[in-house]
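Engineer: Got a structure for you, questions after.
Read-outs throughout are calculated quantities, based only on the coordinates presented, and are distinct from any laboratory measurement. Just so you know, these numbers come straight off a predicted model, no measurement behind them. Quick reminder, even Gly has a Cβ in these numbers, built from the backbone with ideal geometry, and neighbours come from all protein chains shown.
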Amino acid sequence: MNEQELLQLIKDRKSTRAPFDENHPIDPAVLQTILEAATWAPTAHNMQNFEIVVIDDKSILTKLSELKSTVSPVFLQENYQQLSFTEDELKKKKTGILANQFPPAWLSPEAQQGKMNPSASKLGGQVGNGPVLLLILYDPNRRAPASEGDFLGVMSLGFMLENVWLMATAQGLALHIISAFGNEPLSSEVKKMLNIPASLQITLGVRLGYPLGKDTHRLRVRRDVKDFVSFNKY
């Protein structure tokens, strides 16, 4: 792979919300390669501060899909501030996402003001529809020395996830991040169901699979290099 092929792979990496093919399993060798990529991620002080729970048992995925999650008023308010309501607006801003990716209720005046308390909803198809779910666990006891708040450890989790994401993309797999797994009370329910020690924190879920169709409604934008790079002084 040359540098342009690597750059294209990086550009192709994305979170896919299209339905996954439940009848197309992931070859164990492919999954092993993705997990091998995780182990070679750079981590602060080489503390390797993560664990991964691989869930490919359909009965467990079904049970997880029945669990409920909710979003906080703070999320709704801050999410609204980052939205664009037309593609032209998003192309001009170059950051954030389109509002049409969220339920209309999340765009209401109450949601904008942080006064809306949405009801809990089942995880449903975003968990049950797919062959593999990875739960990414964070071990706060494996911390780089003198790292206040373990900022370096959080960065390390990001490095590991990027390795997983790029390798999955290279293998022709789609990936979908489910951040709800890190929220309470859902996180505690999942830990109890899967016998995850209390000392570990669930950070997020990673759904892997082969998509049915294309995720066509999502416009992807990025800032140009000149928008965020300065030379020699800011």
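Engineer: Rounded, prolate or oblate, given the Cα gyration tensor of region 78-130, with a/c below 1.5 counting as rounded?
Structural biologist: It is oblate, given that a/c is not under 1.5 and a/b is not larger than b/c.
Engineer: Under the classification rounded if a/c is under 1.5, otherwise prolate if a/b is larger than b/c and oblate if not, where does region 159-234 fall, given a ≥ b ≥ c as square roots of the Cα gyration tensor eigenvalues?
Structural biologist: Because a/c hits 1.5 or more and a/b fails to exceed b/c, region 159-234 counts as oblate.
Engineer: Now, a different point. Let me make sure I get this right: for the chain, a, b and c are the square roots of the gyration tensor eigenvalues over alpha carbons, sorted descending. Under 1.5 in a/c it's rounded, otherwise prolate if a/b > b/c, else oblate. Which is it?
Structural biologist: rounded
Engineer: Summing +1 for each Lys or Arg and -1 for each Asp or Glu, what net charge is found among the other residues whose Cβ lies under 9 Å from the Cβ of S84?
Structural biologist: Result for the local shell: 0.
Engineer: Okay, moving on. Which cross-chain or sequence-distant (5 or more) residues have an amide H under 5 Å from the amide H of G209, H modelled 1.01 Å from N in plane?
Structural biologist: Distant-sequence amide H within range of G209: A174.
Engineer: While we're here: For a quick check, take a GNM of the chain with Cα springs below 10 Å and name the residue from S69, S59, S187 with the largest mean-square fluctuation.
Structural biologist: S59
Engineer: Something else: In region 71-118, if the dipole is taken from +1 on Lys/Arg beta carbons and -1 on Asp/Glu beta carbons about the Cα centre, which of G96, Q77, Q113 is farthest to the positive end?
Structural biologist: About the Cα centre, the residue reaching furthest to the positive side is G96.
Engineer: Tell me the label-point distance for the pair L194, Q81, using the 7 Å Cα-to-Cβ offset, in nm and rounded to one decimal.
Structural biologist: If labels sit at L194 and Q81, their model points lie 3.2 nm apart.
Engineer: Can you give the FRET efficiency for K122 and E36, using 1/(1 + (r/R0)^6), R0 = 35 Å, r = Cβ-Cβ distance, to the nearest 0.05?
Structural biologist: 0.55
Engineer: First measure r as the distance between the Cβ atoms of H24 and S230, then evaluate 1/(1 + (r/R0)^6) with R0 = 35 Å and state the FRET efficiency to the nearest 0.05.
Structural biologist: Given R0 = 35 Å and the Cβ-Cβ separation, E is 0.15.
Engineer: May I ask you to list, by number, the DSSP H helices of the chain whose Cα span along the axis is at least 27 Å and whose average Kyte-Doolittle hydropathy reaches -0.5 or more?
Structural biologist: 151-170
Engineer: Continuing with the same structure: Please list, in order along region 137-150, the HN-Hα scalar couplings obtained from phi with the Karplus expression 6.51 cos²θ - 1.76 cosθ + 1.60 (θ = phi - 60°), rounded to whole Hz, x for Gly and Pro.
Structural biologist: 10, 10, 9, x, 7, 9, 10, 5, x, 6, 9, 4, x, 6
Engineer: Let me ask something additional. Please give the contour-minus-distance gain from T70 to N2: 0.36 nm per residue of separation, less the Cα-Cα distance, rounded to one decimal in nm.
Structural biologist: Full-extension gain reported as 20.1 nm.
Engineer: Right, something else. Calculate the dipole size of the chain relative to its Cα centre from +1 charges on Lys and Arg beta carbons and -1 charges on Asp and Glu beta carbons; express the result in debye to the nearest 20.
Structural biologist: Value, rounded to 20: 560 debye.
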